[in-house]
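*Asks:* Before we start, here is the structure in question, set down as structure tokens.
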Amino acid sequence: MKELKNNFGDIEGIKNTILKFCGMGSILNIGCGEGVLVRKLLSLGIDAYGIDCDTTSIQYCQSLNDKRYKNASIYEIPWEDEKFELVIWTNLGLEICWENIKSAIGELYRVVNKTVIIVLNQEWDREEIEKVFFESGFRKHPLYLKNNSFESLENYIDGLTLVFEKRRNNDMITTLTKNDMLLRSDRISDIILAVYTKTLEYIRPHDKVIDLSCRTGFGSAILWEGSNSSLVEGIDLSVDNINYANYNYLPNRKTLHFVHINDESELLQMYEPHSRDVLICINIDNSFGTKEKLDQFFIFAHKVLRPGGRLIVSFSNHQGNQFLINLFKEHFHFLTEKLLGISKNPRRWLDTEQKALESADYIFIVSLCDPLVNNVPYQETVLWNNVDYSKGHAHDFTKSYKYPWIQHSMVSIGVRSTSTSVLKDIAEEIIETSPQALVDIGAALCILGYQVLSKDLPNADDMMDIILKLENYVQNEPESPMHIRWFISCNFLLSQLHLKIGDIDKAVNCLNKCIDTDFMEFSPVLGTKVIQSAVSLGLIEFSRGNISNSRYWWKRALYECERAFKSQLNDWIQDIEEPLTFGLREASQILDITSQAAYALWITAIGKDIKVGTVHQIMEFTMGSQINTNKLLLKNFELQNHQLTGWIDELQEAKSWLEQKWTESNKSIELLQKNVLELRDWIQQLELGKQWIEDQNTKKDDLINHNQERIEELEKYIKNLEEARNWSGNKVTSLEMELASKEKIINELMSKLDSNH
């Protein structure tokens, strides 16, 4: 059987990926092989089909169901246009060449109605593949990075799962397309998509969200697709951006709106005070570039956000923008929950504790709007959406708290603030400012107490301080159903703190208080603490050797469970049209804890020997215990993974250093090669010059020799001339002397002649 792999490592992971993006409609698996994935989908009731070009595989599949499998090529899929809502191609890169990839993707575009998932082989370049998808009429799915981590884009050795969304034929394609990060494939677009995807972690159910400076709307689409928000509004100063967003991202997203404004000052008039839950501004430094505009932004944020709402911003990390971090400290209405850095090369998130934050390209800040206000009318927006939801039940916080908005930051299960420092600050302020608000203080003490309890090495002063505060709190008899909730919770917490320091008698006293307080006056969901108290008392008595007392408490656990389950259904879920999501989960936890008590009674029944390991068997019996064990294993795995990640980061840095040195070396080699070629050319020219010079020297030597001979001839000629001149000189002298002698004779003769006359 062919082995299918993706970034999850197995076909089960591919199935889960499909379920994340699968709506209503049919699914086609291209390269289905023996049909394992198709049958997994069919077993879930999904209308799945498969094709493969391998005849043997398809014959096997058709022997099980000949209507769902076809022997066909990806270039000619034998179904009509837009037959499938989702198409998954599980083996891209194995049986196709680059020259044919565009033709194959074009056929995908024809048969799919909405979503295409591909499992990319590492040998293929992601950016190049994505560009072909863009050219063929697709864009990245808004939840593109919900399926892959930002870091996984850096190195996908085990493959990478890419998700695309089909664009409409008449989608607006303009020069603005370059600003649509779902139609780009580069490191900058990866960062911006990562920031929007990270933001999803801070949007609660039914939140109303503003995406300020939404640009072409792709980020607003991510926020809408990836959350259970009741409204997402994208706002921008550019009418062209808004037109593009409306055209490309508004269809089929009913609670997504795009709004154009002419000036930022319009924002203060657009919204009722405290009417939104989340305000997001990506690249705030580009949108609000001056100190004055930033102050106006914070004023608007404080006005529009509900207490406990979130303000989320990002900005480029350069020295001139460091003052933005300080601005959050100046605006005391906002408590910073999270500050992260994000790097584009390599792609990774950077925690503020890492020195590497200095190398971050962008800063990401999440802050909480101060929930400690009582002048803003409380409106429940997390547990239910219906404004006419029935009131007066245990989970109606409107009149229960002095600061009811702490529900949005401290109380809600799974959606409260995850920042221990922020929760600690809020809790301490509640305790300092609300000595009579017993419900608020109960919630605050539980926050502080569990923070101390969770530490392996707690500070002794912190431990004693929280124990004293809890002991003072539980001296007050509960006055209301919500007070009962926190009275039982604080007593249970106090018992765990006493056990941690070894004060077992005080722990037993607190556990008894939990059991003696009627949890049903609040809600059956509070039975988890009471039944856990009974089980714990049974284990304490068992460790003391009091088997009969242990069995009494375990029977009490079963009795309290019975009481809880005599409740009406609406006591668990409140409204069947929009049920409380945690009610039945608490019910299942009650059953799980009670099953531990039942097992304890079974293993200690009369006539059975008590053996070594009985306590361990009892404690490990529940699903909760197994989950905790798995959590511990997961924590260890995460620790190892963190260490490996650090190692990988170091290796990545070393790799980057080596690559840099390699690049520098290559550049040096290229330069040397260029210099060598130039030197060779120069040497060749020198050789020619040398030859020319040698030729010239030969000619000069010949000329010199010729001239030397000529000189010798001339010297000989001159010598002869000198000799001739000397002879001539001597001859002349001799003649002159002879002439003089003759002239003397003539003169004498003339003189004689004259004398004769």
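*Asks:* What ³J(HN,Hα) values, in whole Hz, does the Karplus curve 6.51 cos²θ - 1.76 cosθ + 1.60 give for the range 265-270 when θ = phi - 60°, with x put for Gly and Pro?
*Replies:* 5, 5, 4, 5, 8, 7
*Asks:* Got a sec? Which residues in the range 683-701 would a label at LEU714 touch, if it sits 7 Å along Cα→Cβ and we count backbone N under 18 Å?
*Replies:* 700-701, by backbone N distance to the label point.
*Asks:* Shifting gears a bit: With every protein chain in place, what's the accessible area of GLU80 (1.4 Å probe, Å², nearest 10)?
*Replies:* It works out to around 110 Å².
*Asks:* Full extension from GLU736 to GLN296: what is 0.36 nm times the residue separation minus their Cα-Cα distance, to one decimal in nm?
*Replies:* In short, 145.4 nm is gained.
*Asks:* Under 17 Å Cα-Cα from LYS344, which aspartates and glutamates qualify once same-chain neighbours fewer than 8 residues away are excluded?
*Replies:* GLU127, GLU151, GLU154, ASP186, ASP190, GLU358, ASP361, ASP649, GLU650, GLU653, GLU659
*Asks:* Leaving out ligands, DNA and RNA, what percent of the accessible area of the range 490-630 is carbon and sulfur, probe 1.4 Å?
*Replies:* Ligands and nucleic acids excluded, carbon and sulfur reach 54 percent.
*Asks:* Is the range 169-292 rounded, prolate or oblate when judged by the Cα gyration tensor, a ≥ b ≥ c being the square roots of its eigenvalues, rounded requiring a/c under 1.5 and prolate requiring a/b larger than b/c?
*Replies:* The shape class here is rounded.
*Asks:* Answer with one residue from TYR109, PHE138, LEU569: the one whose Cα lies farthest towards the positive end of the charge dipole of the chain, charges on Cβ with Lys, Arg +1 and Asp, Glu -1.
*Replies:* LEU569
*Asks:* Shifting gears a bit: Based on Cβ point charges of +1 for Lys and Arg and -1 for Asp and Glu, what charge dipole magnitude is obtained for the chain about its Cα centre, in debye rounded to the nearest 20?
*Replies:* Here the size comes out at about 1940 debye.
*Asks:* Relative to the longest principal Cα axis of the chain, at what angle does helix 187-199 sit, 0 to 90 degrees, rounded to 10?
*Replies:* Once rounded, one gets 10 degrees.
*Asks:* Students often forget the sequence filter, so: which lysines lie under 23 Å Cα-Cα from LYS667 once same-chain residues fewer than 8 apart are removed?
*Replies:* Cross-link targets: LYS655.
*Asks:* Using a 1.4 angstrom probe on the protein heavy atoms only, line up GLU266, GLU586 by accessible area, largest first. Walk me through the intermediate numbers first.
*Replies:* Details: GLU266 60, GLU586 40 Å².
Listed by decreasing accessible area, they come as GLU266, GLU586.
*Asks:* Shifting gears a bit: To the nearest 500 deg cm²/dmol, what mean residue ellipticity at 222 nm is calculated for the chain from DSSP H runs of n ≥ 4 alone, each contributing -39,500 (n - 2.57), summed and divided by the residues?
*Replies:* The helix-only estimate for the chain comes to -17500 deg cm²/dmol at 222 nm.
*Asks:* If you count only protein heavy atoms with a 1.4 Å probe, what accessible area per residue comes out for the chain, rounded to a whole Å²?
*Replies:* Accessible area per residue: 52 Å².
*Asks:* Between ASP240 and ALA72, what's the calculated FRET efficiency when r is the beta-carbon distance and R0 is 56 Å? Round to 0.05.
*Replies:* Working: r = 44 Å, r/R0 = 0.78.
E(calc), rounded to 0.05, equals 0.80.
*Asks:* Among the lysines in the range 85-224, how many pairs, 8 or more places apart or on different chains, have alpha carbons under 16 Å apart?
*Replies:* Eligible lysine pairs with Cα atoms under 16 Å apart amount to 10.
*Asks:* How large a share of the accessible area of the range 206-278, in percent, is made up of carbon and sulfur atoms when the probe is 1.4 Å and the other protein chains stay in place?
*Replies:* Numbers: 1320 of 2790 Å².
Accessible surface attributable to carbon and sulfur in the range 206-278 totals 47 percent.
*Asks:* For the range 60-203, give the percent of accessible area contributed by carbon and sulfur heavy atoms, probe 1.4 Å, rounded to a whole number.
*Replies:* 45
*Asks:* Pop out the ³J(HN,Hα) list for the range 78-85 in order, Karplus 6.51 cos²θ - 1.76 cosθ + 1.60 with θ = phi - 60°, rounded to Hz; leave Gly and Pro as x.
*Replies:* Residue by residue, the range 78-85 yields x, 9, 6, 4, 6, 5, 10, 6 Hz.
*Asks:* Put a dot 7 Å past each Cα toward the Cβ at GLU82 and ILE610; how far apart are the dots in nm?
*Replies:* Going from the ILE610 label point to the GLU82 one covers 7.2 nm.
The values are calculated or read from the model by the stated rules, or taken from the named source; none is laboratory data. Since the model is a prediction, treat every value here as computed from it, not as a measurement. Note: ideal-geometry Cβ built from the backbone for every residue, glycine included; neighbour counts use all protein chains shown. Quick note on the areas: whole protein, heavy atoms, side chains included, nothing else; ligands and nucleic acids left out. Shrake-Rupley method; radii C 1.70, N 1.55, O 1.52, S 1.80 Å.
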